[in-house]
Structure formats: structure tokens, C-alpha cells
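Engineer: Would you mind keeping the following structure in view while I ask a few things?
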Amino acid sequence: MFLSIKNFLITKPSFFRRVKVVPLILMSAFLYLIGGCATTSDPPPPPKPAGYPKPYKVMGKWYQPLRDAKGFRQRGIASWYGKDFHGKKTANGEIYNMYAISAAHKTLPLGTYVRVHNLENNRELEVRINDRGPFVRGRIIDLSYAAAQEIGIVGPGTARVEVVALGTPVTTDGGSGRSYVAGDYFSGSFTFQVGAFVNRENAERQKRELDKKYKNAHITVFDRGDQIFYRVRVGKFTSLDEAVRHELTLIEDGYTNVILVAE
């Protein structure tokens, strides 16, 4: 028996029961991506002004929904990347310069500016997304060396941050300051990256394994300039919340390192 969700088909009878019985959990899973991370002992978020949805608690953690559907806000771990990628091609075709201010994100549209706030030292900066990553579960943004240095992440290597999407810049009268036009950060083309290989045969082997249970398993080829990577991906979604729901299913099926990305 097959369940069709847009272009993604999955043979998982128990998935029907999860969808029917616990719609609140599915909604909360979406909030897991855009909400702030917290420990199991954290108290509920402080009350918000009128108009904000009520916070939800999932697996002992509290998450506050956004009031604006176009807003995008995450809390999690930031890291940085440097010499190994310096001079190599980024996802938007630019050449990565570790001494320039830039960043990589998994799902936000390339060209989007975000504000990154280091929650450990209260420093922040605005940075443009020009690359995809970090391809590590639990990390939400990869900063260039220069960006990481500006907010004090180079030394420790990682830090707990808040990322807020600002939008794309527009020219203002008089040229004083910078203003942004917000975009839609929850619609697009989303998929899951299950593995990445430098050997094409290994990538094909994993794709064949995914084909046994899932539809839309595919391989994307990324030429970094010095090396070619074969990225094994599965699923096609047009909304972020729909993709997040299926991410939980893949994790339960044993793909614990699966990463949600935009294509």
C-alpha cells in the first residue's frame, strides 16, 4: 500500500497512523526546525504579545511558533569553514573566500541575508548565504572564517547562535543604511541528503538500497573545483513543513544522519 504526498511515495503503513492520530506532533515537528533549541529542564517560553500562537512542547523541549509566516528564525549550533574550502566553488557558483563575510545554510534561498547572533557572547553580524551546508546534523549555519572571527567563533570552533532571515537587500533613497525585502523561506524544492561520496559506485549502491523502499532516490553531482562529490538524496517536497514530517520517518527507519536541504 502506498501513500502519495506530492511526488514523494513511501511504503510505511505505520506512517498512516502517525499522520491521523497525532497531527499536533506533526505541526510541532515543523516548529522543531524553526524554533529555538532548549534543554529538557527549560521552562516554557515567556508569554508573547497578543497575536502570537501558543508555544508547543515536544519531547520535553519548548518551541515558540512565529507570528509572521514569512519569518524564519532558528536557534542551534554554528560552525565555520576555512582553508580546505578556500578558493573552491560554492553552491551558487561563486568562489569561496574565507577572508570575506559569507555563510552556508541548508534550506534558505541562496542570496538571502541573515542576522547571526552569538548567544554566548552577544555579538552579531549580518551575512549573505552563498553556499549549502553545514552537512552535519545539529548544526544550522556554517560561517566563513572572517564571519566567524567577527562574532567570536573561530577559537572555540562552534557556538550556540540564533539565525534570523532578513531577506534580499534593496536600494533605499539616499543610500543610507540597508533595507531588505523578506522572501518565502518555507516553499521551494526540498529533499533529504542521505550520503555523499567521492566514489560513484558507492553512491549508486546506496541509491539502489533506497530504491527498495522509497521513491525519488537520486544522485546529484557537485564539482567543488578540486574534487567531485556524488550526493545521494531522496524525496521531493515543495514545502518545508511537509519535508520535516518525513524527516522523522527516515530517522525512525535508521537514517539517523539524514540532512534536509534545498535543491
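Engineer: Could you pull out every one of the strands (runs of 3 or more DSSP E) wholly within the stretch 132-245 that has 1 or more residues that are of a type in the set (Lys, Arg) and touching a helix residue (DSSP H, G or I) at 6+ places or on another chain (Cβ under 9 Å)?
Structural biologist: The qualifying strands (runs of 3 or more DSSP E) are 228-239.
Engineer: Still on this structure, I have one more. Checking Gly138 against (1) at pLDDT 95 or above; (2) under 16 Å from Val161 (Cα atoms), which test does it fail?
Structural biologist: Only one criterion is unmet by Gly138, namely (1).
Engineer: Taking Phe237, is it buried (at least 20 other Cβ atoms within 10 Å of the Cβ), under 23 Å from His105 (Cβ atoms), aromatic (Phe, Trp, Tyr) and not assigned by TED's automatic domain parsing to the domain that holds His105?
Structural biologist: The answer is yes for Phe237.
Engineer: Also, I was wondering about something else. Of everything in the stretch 76-120 that's farther than 21 Å from Leu166 by Cβ and of a type in the set (Lys, Arg), which residue is surrounded by the fewest Cβ atoms within 10 Å (Cβ to Cβ)?
Structural biologist: Lys83
Engineer: Yes or no: the stretch 210-231 includes at least one residue that is of a type outside the set (Ser, Thr, Tyr) and under 17 Å from the mean Cα position of the chain (by Cα).
Structural biologist: yes
Engineer: Another question, if that's okay. Of everything in the stretch 150-182, what is among the small types (Gly, Ala, Ser), in contact with a Gly (Cβ under 8 Å, 6 or more places away or on another chain) and modelled with pLDDT of 90 or more? Give them in sequence order.
Structural biologist: The answer is Ala159, Ala165, Gly167.
The values are calculated or read from the model by the stated rules, or taken from the named source; none is laboratory data. Please read these numbers as outputs of a predicted model, since none were measured by experiment. For neighbour counting, all protein chains shown are included, and Cβ atoms are generated from backbone atoms with ideal geometry for every residue, glycine included.
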